[in-house]
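So the structure is just underneath, and the comments pick up after that.
Values in this text are rule-based calculations from the coordinates and carry no lab data. Remember, predicted model here, so these are calculated numbers, not experimental data. Heads up, the Cβs are rebuilt from the backbone with ideal geometry, glycines too, and the neighbour counts pull from every protein chain shown.
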Amino acid sequence: MTTKADTRRVFLVGCPRSGTTLLQSLLFAHPQVISFPETFFFVHVANERGWRRRIGLAKPQSGRAITTIREMVGDDSVSRRRRPLTIAGHADQFVRSLDATAQRAGATAWVEKTPSHLHRVGVIEQYVRSARFVHIVRDAWAAVASLHKVTHEHPGRRTRSVRTC
C-alpha cells in the first residue's frame, strides 16, 4: 500500500493531436498507474498572467473545476469543503483527491492528461509538490494536419482552417 507522500504526480501536456492520448493509454496499462481524463483544472482555476495570478487568487468561475474533480473521482468530501478562493486552496483539493483515488486503487502514480496544461506548467510547479511533466512534441505539420482533419470529420465540432489550426 502506498502513502500519499509516495504517490507520483504526472502531468501529460502538449499540443492537441500530438499523441497525449496514446501515451496516456500506454501508461495506464501499467497496474501501478491510475490515469484521469482531461480535467482542464488549472485552466479553470488560474490565469496565465495578470493581477489575480500575481496575488494567488483563483478565477471567479473556478468552482466548476472543483465540480469536475468531484464528479471524476466520486469524492463527495470535495463538495462538502468550502470552495477556496486561492489557487493554492484549489490545488490542494485537486492533489488530495487524486492522491486519495490513486491510493484507493493501489496505484503508486497518477497521470492527468490535459494538453493545454502546457500553458500552466509554472502554476502547477508552484502549487503541486513533486509534479512531473511529460511534454509530447510532434512534428508541427503532422499535428496541424491531424487537427484540421478531426475538425472536419466529426459533426458538432467547429471546423477550422489550416491557418487556424
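List the pairs whose first member sits in the stretch 5-21 and is within 19 Å of residue 42 (Cα to Cα), whose second member is of a type in the set (S, T, N, Q), and whose Cβ atoms are under 7 Å apart, counting only residues at least 6 apart or on separate chains?
Close Cβ pairs satisfying both conditions: 8/108; 9/130; 12/20; 12/24; 14/20.
Assuming residue 111 fulfils every condition listed in (1) under 18 Å from residue 53 (Cβ atoms); (2) surrounded by 19 or more Cβ atoms within 10 Å (Cβ to Cβ) apart from one, which condition is it?
Of everything listed in (1) under 18 Å from residue 53 (Cβ atoms); (2) surrounded by 19 or more Cβ atoms within 10 Å (Cβ to Cβ), residue 111 misses just condition (1).
Here is a yes/no grid of residues against (1) among the β-branched types (Val, Ile, Thr); (2) assigned to a helix (DSSP H, G or I); (3) without any contact (Cβ under 8 Å) to a residue 12 or more places away in the chain; (4) touching a Lys or Arg at 6+ places or on another chain (Cβ under 8 Å):
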{"position": "120", "(1), (2), (3), (4)": "no, yes, no, no"}
{"position": "125", "(1), (2), (3), (4)": "no, yes, yes, no"}
{"position": "132", "(1), (2), (3), (4)": "no, no, no, yes"}
{"position": "135", "(1), (2), (3), (4)": "no, no, no, no"}
{"position": "141", "(1), (2), (3), (4)": "no, yes, yes, no"}
{"position": "150", "(1), (2), (3), (4)": "yes, yes, no, yes"}
{"position": "157", "(1), (2), (3), (4)": "no, no, yes, no"}
{"position": "164", "(1), (2), (3), (4)": "yes, no, yes, no"}
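Could you grab me the full set of residues in the stretch 124-165 that are out of contact with any His (no Cβ under 9 Å at 6 or more places or on another chain) and closer than 20 Å to residue 93 by Cα?
125, 126, 128, 129, 130, 131, 132, listed by residue number.
Within the group 123, 45, 134, which residue is among the β-branched types (Val, Ile, Thr), surrounded by fewer than 16 Cβ atoms within 10 Å (Cβ to Cβ) and within 17 Å of the chain's Cα centre (by Cα)?
134
For residue 116, are the conditions met, namely being within 13 Å of the chain's Cα centre (by Cα) and under 30 Å from residue 142 (Cα atoms)?
yes
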